[in-house]
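Since the structure comes first, as structure tokens, the remarks are kept for the end.
No lab work stands behind these numbers, since they all come straight from the coordinates. Predicted, not measured: the structure shown is a model, and the values here were computed from it. Note that we place each Cβ from the backbone using ideal geometry, even for glycine, and neighbour counts take in every protein chain shown.
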Amino acid sequence: MIIASRNGHKLRELAEILPGAGLKPLPDGIEMPPEDGLTFAANALIKARAAREATAEAVIADDSGIEVDGLGGRPGVRSARYAGESASDGENLDKVLRDLVRSGGPATARYVCVIAWIDEEGLESTFEGTCEGRLIQEPRGAGGFGYDPAFVPDDTGRADLRTMAELTAGEKHRISHRGRAARAMAAEFERHATRGGRG
């Protein structure tokens, strides 16, 4: 099954979350369309459909980001491009934290991930996972990517002040938005295999 992405961080995380799933990266030479959907689900399906059309294989595609309450839910689907189309993770994070200070709004936030799956018969499904938490103004930790160094998840407990970037990979996968979406998809894989297909 092909992952419709060339994002090395996402590829590694999904391979760790779904060991033995036989995931393959998107073949070279396949151009992906613009991610211009208004929701995570819409963008995930845009990528999955393009990869399916190009390869005729079963595919999955992930679209994810962070919604910050003090920014009215931004950056949302623009998370990877919040500071500009070619912005780095650090530039996006810096802009979110600056904008949050200016807004004076709450630092509560959530990561959201939607994984779109198109099976070998061309049938489509989507799976969503979320992870609630809050942003801090002094990023910490060398793990993870994106907004992880400034995101303190609720699921580790009130007394645990570690950011997502300070958790081990296993700890992160157990509570992350991507981990939850992937496990929901894996459960459907098992039902799908048991039925011998969707028919």
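Any idea which residue in the range 157-172 is farthest from the chain's Cα centre (by Cα), counting only those that are buried (at least 19 other Cβ atoms within 10 Å of the Cβ) and not in a loop (DSSP other than H, G, I, E, B)? Let's see the steps before the verdict.
Kept after step one, since they are buried (at least 19 other Cβ atoms within 10 Å of the Cβ), are these residues of the range 157-172: 163-167, 172.
Next, from what is left, pick out any that are not in a loop (DSSP other than H, G, I, E, B): 164-166, 172.
Working: M164: 13, A165: 15, E166: 18, K172: 13 Å.
Filtering first and then ranking leaves E166.
Filter the strands (runs of 3 or more DSSP E) completely within the range 99-153 down to those with at least 3 residues that are more than 30 Å from R52 (Cα to Cα), of a type in the set (D, E) and within 19 Å of the chain's Cα centre (by Cα). Before the answer, list the steps.
Values: elements: 108-118, 124-135, 151-153.
In the range 99-153, no matching strands (runs of 3 or more DSSP E) lie anywhere.
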- A107 closer than 23 Å to I17 by Cα, surrounded by 15 or more Cβ atoms within 10 Å (Cβ to Cβ), free of Cβ contacts under 8 Å to residues at least 60 places away in the same chain and touching a Leu at 6+ places or on another chain (Cβ under 6 Å): no
- Only one of (1) closer than 18 Å to S79 by Cα; (2) surrounded by fewer than 19 Cβ atoms within 10 Å (Cβ to Cβ) fails for I46. Which number is that? (2)
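Condition check: crowded, with 16+ Cβ neighbours inside 10 Å, closer than 20 Å to C131 by Cβ and in contact (Cβ under 8 Å) with a residue 60 or more places away in the chain. Does A61 satisfy that?
Working: crowded, with 16+ Cβ neighbours inside 10 Å: yes; closer than 20 Å to C131 by Cβ: yes; in contact (Cβ under 8 Å) with a residue 60 or more places away in the chain: no.
No.
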